[in-house]
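The structure under discussion appears below in the form of structure tokens.
The values are calculated or read from the model by the stated rules, or taken from the named source; none is laboratory data. Remember, it's a predicted structure, so these values are computed and weren't measured experimentally. Glycine gets a Cβ as well: all are built from the backbone with ideal geometry, and neighbour counts include every protein chain shown. What goes into the accessible areas is simple: the full protein's heavy atoms, side chains included, and nothing from ligands, DNA or RNA. Shrake-Rupley method; radii C 1.70, N 1.55, O 1.52, S 1.80 Å.
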Amino acid sequence: MITVIDYGAGNLFSVRKALEYFGAKVIVSDISNDILNAKGLILPGVGAFGWGMKLLEEKDLCGAIRGAVDRGVPLLGVCLGLQLLFEESEESPEVKGLGIIKGKVKKLPSDLPLPHIGWNQVKILRNIPIFKGIKSESFFYFVHSYYGEPIDEGLVCGETDYGITFPSVIWQNNIFAVQFHPEKSSKEGLKIYKNFLDIVYGDNTSY
Amino acid sequence: MLTKRIIPCLDVKDGRVVKGTHFIALKDAGDPVELAEYYDKEGADELVFLDITASLEKRRTIVELVKRTASKVFIPFTVGGGIGSIEEIKEILRSGADKVSINTQAVKNPSLIREASKVFGSQCIVIAIDAKWDKDMRGWRVYINGGTTPTNLEAVSWAKEVESLGAGEILLTSIDADGTQQGYDITLTRAVAEAVNIPVIASGGAGNLEHIRDALKEGKASAALIASLLHYKKYTVREIKEYLKKEGISVRL
């Protein structure tokens, strides 16, 4: 079972449907036990960092997420979900993030229109399992004004240009995180979810 | 690099496509979801559903359509047509749409733009502007109610105002050019695109590939909305994009 963590942020319907497209059993939940018992976790989200953390804390989900991650449960962070994994963000300096990835979320330079919305390319730096079947420079759909920058540069597996070059795909042990929206990125995006399911279940296709 | 976008527009009424039912390859060419899936596979960057349903069942049919689309189509899509309240916007976005497009109600109640962009984020809020050249105004007059009712607004200044109220994008239709297949109104498109810092989607008048190129290059639009050119299969999305790429425009292929 894959649990999509529902803390009240964003378009969970599309995330769920993208997973179900491959026949995965999915629950969308805001209950700690569903997070602790999941085979795989998706941390989705659209919105502001401080607001997202506040909702996670109000629903008392931070401990369950950290606990599951410590036990090695694969987690895919999407968009704001990527950013919440970090320690802090320029968007909400007074709020602490989950702190699972060491580093900070920074604002994109404002010489180009923000948010950065639309189809942009991901240059693959390291060919990790989440990229299986995806070519470097493939297009994905982005909607964001901030990006996560890990202290350990080795965690950055994909990068994208928008005024600056920023990390768009991050990998740390059992944690995968993408700044774009795979559920809105057509065929290539669906491959990300398929690859995540393969990571969770091994290549056993009964999800 | 951020690409220019090609956006097919589907007119729907009572949950059915009203134009572009000429796709013999589809099982049910009147089904907007099947047509949407087809355009996704062809390489469309986004989709717009324009709901022209007038019945009392409007809301239920559009929400059902949005849910069915979001289950099968994995590119961003926008829903427009008669949307006028925060409640309606919430229901449509929750059902899986990425953006809503607001036209008449934005003119009647501009504070809706501010409120909606605050609640849902600017990226969800597209303001549709229908404009027509007006000699007396020496500018483009904004029309509402499906292009039938003139207002006192001038399109370029209205565009700036909706940007300042929090609109994330402008869907700009030239009433003069719409349906003519003689090309987009490049002057209007460029005037608006240069006046604002948010993306402008050019709409109305596409008759050939050069028209689309001109809207994106000279017109400085970020995206081109295309209806009949695609629905009557004059070109496929792929053909359009291959042409644009040859012309030096960055597209997703």
Selection over the stretch B:33-57 where residues are open to solvent by 10 Å² or more (accessible area, probe 1.4 Å), within 13 Å of chain A (Cβ to nearest Cβ) and assigned to a helix (DSSP H, G or I) yields a count of 5
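Take the stretch A:154-165 and flag every residue that is within 15 Å of the chain's Cα centre (by Cα) and closer than 20 Å to A:Pro109 by Cβ. Talk me through it step by step, then tell me what you get.
At the first step, the residues of the stretch A:154-165 found to be within 15 Å of the chain's Cα centre (by Cα) are A:155-159.
Correct list: A:Val156, A:Gly158, A:Glu159.
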Can you name every residue in the stretch A:14-32 that is within 10 Å of another protein chain (Cβ to nearest Cβ) and either of a type in the set (Asp, Glu) or open to solvent by 50 Å² or more (accessible area, probe 1.4 Å) (or both)?
-> A:Arg16, A:Glu20, A:Tyr21
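Before we move on, is B:Ser85 within 11 Å of another protein chain (Cβ to nearest Cβ) and of a type in the set (Ser, Thr, Tyr)?
Working: within 11 Å of another protein chain (Cβ to nearest Cβ): no; of a type in the set (Ser, Thr, Tyr): yes.
Spelling it out, it is not the case that B:Ser85 is within 11 Å of another protein chain (Cβ to nearest Cβ) and of a type in the set (Ser, Thr, Tyr).
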Note on A:Leu190: of the conditions (1) over 21 Å from A:Arg66 (Cα atoms); (2) away from chain B (no Cβ under 14 Å), unmet is (2)
Residue hits (the stretch B:176-209; within 14 Å of another protein chain (Cβ to nearest Cβ), part of a helix (DSSP H, G or I) and hydrophobic (A, V, I, L, M, F, W, C)) are B:Ala193, B:Ala195
Single match in B:Leu230, B:Leu216, B:Leu244 (criterion: more than 21 Å from A:Tyr141 (Cα to Cα) and open to solvent by less than 10 Å² (accessible area, probe 1.4 Å)) = B:Leu230
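Filter the stretch A:88-110 down to residues that are touching a Pro at 6+ places or on another chain (Cβ under 7 Å) and open to solvent by less than 10 Å² (accessible area, probe 1.4 Å) and give me whichever is farthest from A:Tyr162 (Cα to Cα). Show your work before the answer.
Let us first name the residues in the stretch A:88-110 that are touching a Pro at 6+ places or on another chain (Cβ under 7 Å), namely A:101-103.
If we keep only those that are open to solvent by less than 10 Å² (accessible area, probe 1.4 Å) too, we end up with A:101, A:103.
On the way: A:Ile101: 23, A:Gly103: 20 Å.
Among those residues, the one meeting the criterion is A:Ile101.
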Could you grab the pairs with beta carbons closer than 7 Å, sequence gap of 6+ or different chains, first residue in the stretch A:14-43 and acidic (Asp, Glu), second one open to solvent by less than 60 Å² (accessible area, probe 1.4 Å)?
-> A:Glu20/A:Val26; A:Asp30/A:Asp6; A:Asp30/A:Tyr7; A:Asp30/A:Leu61; A:Asp34/A:Thr3; A:Asp34/A:Ile27
When the stretch A:124-146 is examined, which residues are found to be in contact (Cβ under 8 Å) with a residue 60 or more places away in the chain and under 16 Å from the mean Cα position of the chain (by Cα)?
-> A:Pro129, A:Ile130, A:Phe131, A:Val143, A:His144, A:Tyr146
